[in-house]
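Accompanying notes for the structure given below.
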Amino acid sequence: MVRPALNYLLAAVAACLLAAPVSSAASTRYGELSLRAPATPGLHLLPVQRAPFAFDLLGARWPARAGVSVEVRARAIAGPWSAWTRLAADGGGRVSHAEPVWVPGSRLFQVRLRGAVRLHIALVAADRSPQRPLRALEAAPGQPSIISRAGWGADEAIRRAAPRYADAVHMVFVHHTDTPNGYAPGDVPAIIRSIYTYHVRSNGWNDIGYNFLVDAYGRVYEGRAGGVDRPVIGAHTEGFNAGSVGIAVIGNGSLAPLTTEVRDALVNLIAWRLDVAHVDPLGHATMISGGTSRFAAGRSVSLRVVSGHRDANSTDCPGSLIYPALDGIAAAAQATGTPKIVDATATPPGLGTNDTGALVPIVFRARVLGGAGWSVTVLDAHGAPVTSTSGSGTDVNWTWSGTRSDGSIVAPGTPLAYRIEALDAAGEAARPLLGSLGVLPVVAAAPPLSLAPAVISPDGDGVDDSLAIGYTLSSPATVSLDVIAPDGSTVDTLVPGTALPAGGQSARWGGEGLAGIVADGTYTVRLTVTDAAGQVAERSGTVTVVRAIRKLRLSRMAAGRDTPVIVSWQQTAPAAVNGSMGSSHLQPAAALLAGELPAGPQSYTIEAARLAALPDGNYTFTLRAQTAVGEQVLRASFKLDRGAPRARLVGLRVHKRSAFLVVRLSEAMTVRVVAGSRVVVPRRPRGDGLNGFRFRLPAGVPARLRLQLVDRAGNAGRAGPFKKL
């Protein structure tokens with residue numbers, strides 16, 4: 001009776017592991033496990049769980065109810081447990097979604113739970129594939145440097161829906177990710193990708209919840225897609241997402257205060273984003289709650305324009321060491337980049353008549369932070385001036401009676417708009433404010449361009465051969481997309497004045513012009529958008545073409561004992577070249593070669609003696625070529641593996657002479673199955689994990705099987721003999 005039970009258990013475990021969903025990103029894995037606490041009251045320590053893969057981020061969700069608390073700890077197979085960490089979660093909805101914890105390289109976890117509840121544990125293995133240098137979005141005037149979604153490696157395939165937009169931005173919520181502090185600069189893209197995967201796969205959100213993220217080194221990252229300067233609705237503050245911007249500090253604000261770099265980044269980001277919205281950082285915003293753990297749905301709530309997550313929900317976010325700094329950050333943001341035009345109103349919001357038929361004037365009011373000379377211009381539906389006035393100081397106050405500059409009266413109900421501008425004594429101009437008086441005149445705006453990679457080498461070696469171009473049209477428009485040479489001439493037209501619908505658009509440039517592959521240099525990609533009203537706007541970015549090195553190859557992708565790795569490449573032009581080898585085990589990267597190299601084939605041998613001093617793991621060889629045009633970077637990775645491959649028997653079934661063998665392989669390898677002295681399965685390449693072999697046993701040969709194993713690094717191993725369970 002033991003054998004069937006064991007077989008059933010093995011099958012059930014295999015089914016659970018195989019059923020765990022895996023994301024479509026090349027190196028990001030996602031899985032879930034379901035746990036249930038006993039029905040008895042009190043604190044329950046659940047059994048230690050072994051995850052189906054090594055994970056870096058752990059989160060959870062559970063049915064929202066009072067009195068539930070969830071704590072977790074994790075560790076690798078060998079090593080100490082992490083400290084117990086309570087999973088913080090909002091409690092306003094039907095399901096509590098926990099802020100995930102960052103526990104890199106873990107394989108085991110344990111849950112301490114109060115309150116009978118079914119708990120879904122979400123596990124994410126971070127994508128740590130070699131990343132290209134972080135690339136910022138093209139910056140509009142006054143915009144801080146913001147690393148794009150492509151720059152941190154967002155997998156756009158898992159995004160569930162197109163972005164949604166609010167009427168405007170009214171305020172900012174500051175968060176922390178509640179993940180550990182002390183991470184290295186290179187860890188940040190993997191951390192953001194893991195949070196993104198968790199938000200989409202576990203929480204079921206359309207995209208990452210935050211609009212922006214800021215790391216400990218003061219770098220700002222684009223979060224939710226849709227445009228950094230548009231009122232994109234995020235998923236960061238339950239009940240108050242519409243009309244707010246969510247900014248998350250990567251780390252734990254309960255354990256460490258803001259560094260100077262993070263504080264400066266928050267000040268500059270908030271100053272710019274609220275200036276785009278013409279909102280005073282030191283003001284208050286009246287928001288209507290969508291229903292939270294603190295405020296019932298439909299309740300009008302007055303919040304500081306720069307608030308913390310805890311101001312709207314029952315949470316400690318953004319941490320006790322960050323929250324007290326918010327008023328100072330708001331004050332610094334208000335003083336950054338003055339003059340600014342805020343709190344603009346037009347009352348009534350259009351020309352009309354009273355009960356007696358008399359025209360009701362419009363009163364324009366606004367404040368100019370820092371004080372400046374200002375002007376107010378009334379515009380018709382086509383953006384042409386109707387009339388204007390000017391003044392100076394901090395307060396804009398003008399009553400317009402409805403007459404044009406020539407003295408004629410504008411008819412009631414006429415669609416109008418207004419523009420407020422300001423210029424201080426030093427010649428600094430405020431961001432102009434455009435408001436509606438019925439119908440806002442259409443103003444053309446070209447969307448941001450996404451260009452990746454920053455350097456291409458169109459030489460046909462399969463690495464960075466072309467430039468991927470992306471942009472999103474907010475409305476249908478006629479588009480031209482051109483590539484401009486350094487001398488100003490057009491070398492290629494990718495989109496020749498074509499009418500395109502609203503939504504995401506893409507194009508690709510392979511470094512070609514009318515005469516073939518272009519010369520090395522820096523080229524401008526220019527996007528020209530003509531809207532339905534005939535107004536034209538442009539946006540541009542640059543890409544560098546360099547072809548000094550190509551065809552970087554390794555003699556082997558996996559190296560075993562006493563095995564050198566030979567790196568070879570083609571040098572197409574003389575250049576200053578340096579090579580280095582790095583990994584998580586090798587910080588900083590080890591310099592291997594440096595010098596001026598001529599054109600022609602080149603190679604470098606990473607000696608076995610150098611590799612012998614390193615632990616097993618994945619390593620990346622990086623080759624950089626410095627030219628007069630710019631830097632070209634190629635990378636190639638290999639695995640250092642000196643352990644013998646292993647196979648564990650899962651099941652062996654024999655019926656007459658037909659046999660079916662199931663084993664679990666420790667890694668990718670080739671497998672030969674031997675029965676007695678007879679080879680029954682020739683050497684076959686197989687991947688890691690569960691593998692099955694179906695074959696016939698020769699007559700007279702006992703069903704006792706041995707496996708001969710050879711992994712990709714050339715390490716040999718054996719397993720068996722196996723016999724039928």
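The values are calculated or read from the model by the stated rules, or taken from the named source; none is laboratory data. As the structure is a computational prediction, the values presented were derived from the model and not from experiment. Here the Cβ positions follow ideal geometry from the backbone for every residue, glycine too, while neighbour counts run over all protein chains shown. The accessibility values were calculated without ligands, DNA or RNA, using every heavy atom of the protein model including side chains. Shrake-Rupley method; radii C 1.70, N 1.55, O 1.52, S 1.80 Å.
Overview of results
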read-out: Sites Ala594 and Ala184 - FRET efficiency at Förster radius 22 Å, r taken between beta-carbons, to 0.05; value: 0.35
read-out: 10 Å-binned pair-distance histogram of the stretch 382-489 (Cα, whole percent); value: 10, 25, 22, 19, 14, 7, 3, 0
read-out: Mean Cα-pair separation over length for the stretch 424-494, i.e. relative contact order, pairs under 8 Å, 6 or more apart, %; value: 19
read-out: Paramagnetic reach from Ala576 (point 7 Å along Cα→Cβ, amide N under 18 Å) across the stretch 591-622; value: 591-599
read-out: Helix-derived mean residue ellipticity, 222 nm - over the chain, DSSP H n ≥ 4, -39500 (n - 2.57), to 500; value: -3000 deg cm²/dmol
read-out: Eligible aspartates and glutamates near Lys340 by straight Cα distance, threshold 16 Å, same-chain separation 8 or greater; value: Asp275, Asp280, Asp395, Glu421, Asp424, Glu428
read-out: Inter-site label distance for Ala608 and Gln535 at 7 Å from Cα along Cβ, in nm; value: 7.1
read-out: Label-point separation in nm, Asp343 to Asp465, each point 7 Å along Cα→Cβ; value: 6.0
read-out: Sites Leu554 and Ser658 - FRET efficiency at Förster radius 41 Å, r taken between beta-carbons, to 0.05; value: 0.45
read-out: Extension gain from His585 to Leu690, taking 0.36 nm per residue of separation minus the Cα-Cα distance; value: 34.9 nm
read-out: Value of relative contact order over the stretch 652-725, rounded to a whole percent, pairs C-alpha under 8 Å and six or more apart; value: 34
read-out: Beta bridge orientation in the stretch 414-562: antiparallel %, DSSP, nearest 5; value: 95
read-out: The stretch 690-724 residues near the modelled Arg648 label - backbone nitrogen below 12 Å, point 7 Å along Cα→Cβ; value: 690
read-out: Globularity index of the chain, i.e. its alpha-carbon radius of gyration over 2.2 N^0.38 Å; value: 1.16
read-out: Angle in degrees between helix 188-201 and the longest Cα principal axis of the chain, rounded to the nearest 10; value: 90
read-out: The chain: angle of helix 2-19 to the longest principal axis, Cα-based, in degrees nearest 10; value: 30
read-out: Amide hydrogen neighbours beyond the local backbone of Asp688, cut-off 5 Å, H modeled; value: Ala668
read-out: Of all DSSP beta bridges in the chain, antiparallel share, percent nearest 5; value: 90
read-out: FRET efficiency, 1/(1 + (r/R0)^6) with R0 56 Å, evaluated for Leu321 and Leu500 via beta carbons; value: 0.70
read-out: When the convex hull of its Cα atoms is projected in every direction, mean area for the stretch 292-378 (nm²); value: 9.3
read-out: Approximate spin-label separation Ala331-Asp487, in nm, with each point projected 7 Å along Cα-to-Cβ; value: 5.8
read-out: Sorted peptide list for 46-52, 618-624, 31-37, criterion being average Cβ within 10 angstrom, highest first; value: 618-624, 31-37, 46-52
read-out: With Cα atoms, 0 to 90° folded angle of helix 326-335 axis to the chain main axis; value: 50
read-out: Label-zone membership for the stretch 45-75, site His120, 7 angstrom Cα→C-beta point, backbone N under 18 Å; value: 52, 57-65, 70
read-out: For Thr336, residues with placed amide H under 5 Å, excluding near neighbours; value: none
read-out: Accessible-area order (highest first, 1.4 angstrom probe) of the listed residues Glu631, Glu667; value: Glu631, Glu667
read-out: Which of Thr399, Thr292 is most accessible, then next, and so on - probe 1.4 Å; value: Thr399, Thr292
read-out: Long-range HN-HN contacts of Ala446 with modeled amide H, under 5 Å; value: Glu538
read-out: Under the Karplus curve 6.51 cos²θ - 1.76 cosθ + 1.60, θ = phi - 60°, whole-Hz ³J(HN,Hα) for the stretch 34-44, x wherever Gly or Pro sits; value: 10, 10, 9, 7, x, 6, 6, x, x, 8, 10
read-out: Surrounding net charge for Ser82, when Lys and Arg each add one and Asp and Glu each subtract one, Cβ distance under 13 Å; value: +3
read-out: Relative contact order [Cα under 8 Å, 6+ residues apart], the chain, whole percent; value: 7
read-out: Cα principal axis extents for the stretch 507-648, largest first, Å; value: 69, 44, 27
read-out: Solvent-accessible surface ranking, highest first, for Arg696, Arg642 at 1.4 angstrom; value: Arg696, Arg642
read-out: Asp229 accessible area, assembled protein chains, probe 1.4 Å, Å²; value: 60
